[in-house]
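To start, the structure under review is shown below, and the notes come after it.
The values are calculated or read from the model by the stated rules, or taken from the named source; none is laboratory data. Values in this document were obtained by computation on a predicted structure and should not be read as measured data. Cβ placement follows ideal geometry from the backbone for every residue including glycine, while neighbour counts extend to all protein chains displayed.
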Amino acid sequence: MRIIITILLLLPVGIQAQINRSATELAKETTGEYISTKIFKDKLYQPLLFGVVKAWPDTRSPISWTITHEFIITDVQRSGYNDAPDVQKTYSFIFYLDSKMKVLKAASYSSGQ
């Protein structure tokens, strides 16, 4: 009987953890796609660090979630016979997502070398 009660108490926690993990994975996929198709077309994208998906406090806004993301963009310098070294730059963005985890907008909050 104790085992059944323990399982029933832990089941909601496990379900919530799985939902959070799935939402985070979906946010990672959509932000990666947004970066490589909309912001930095034809450049090499390498993810570094994803932040935690956070709920947006204003419920009247179309924005439901935010996620921070740091990544490297490599600009390949190939033109004709001159091969210049590739330029890598690190970016930090915050992405604003709707309730279906689609990117509504992105904002850079810092960039490095």
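Taking the conditions (1) surrounded by fewer than 15 Cβ atoms within 10 Å (Cβ to Cβ); (2) at pLDDT 90 or above in turn, PHE95 satisfies each one other than (1). Just need a number here: residues in region 57-78 that are closer than 23 Å to LYS41 by Cα, among the acidic types (Asp, Glu) and modelled with pLDDT of 85 or more. Here the count works out to 1.
Go through region 18-73 and give me each residue that's closer than 12 Å to TYR96 by Cα, of a type in the set (Val, Ile, Thr) and within 10 Å of the chain's Cα centre (by Cα). Within region 18-73, THR30, THR31, VAL53, THR66, ILE67, THR68 qualify. TYR81 meets the stated requirement of being of a type in the set (Phe, Trp, Tyr) and modelled with pLDDT under 90.
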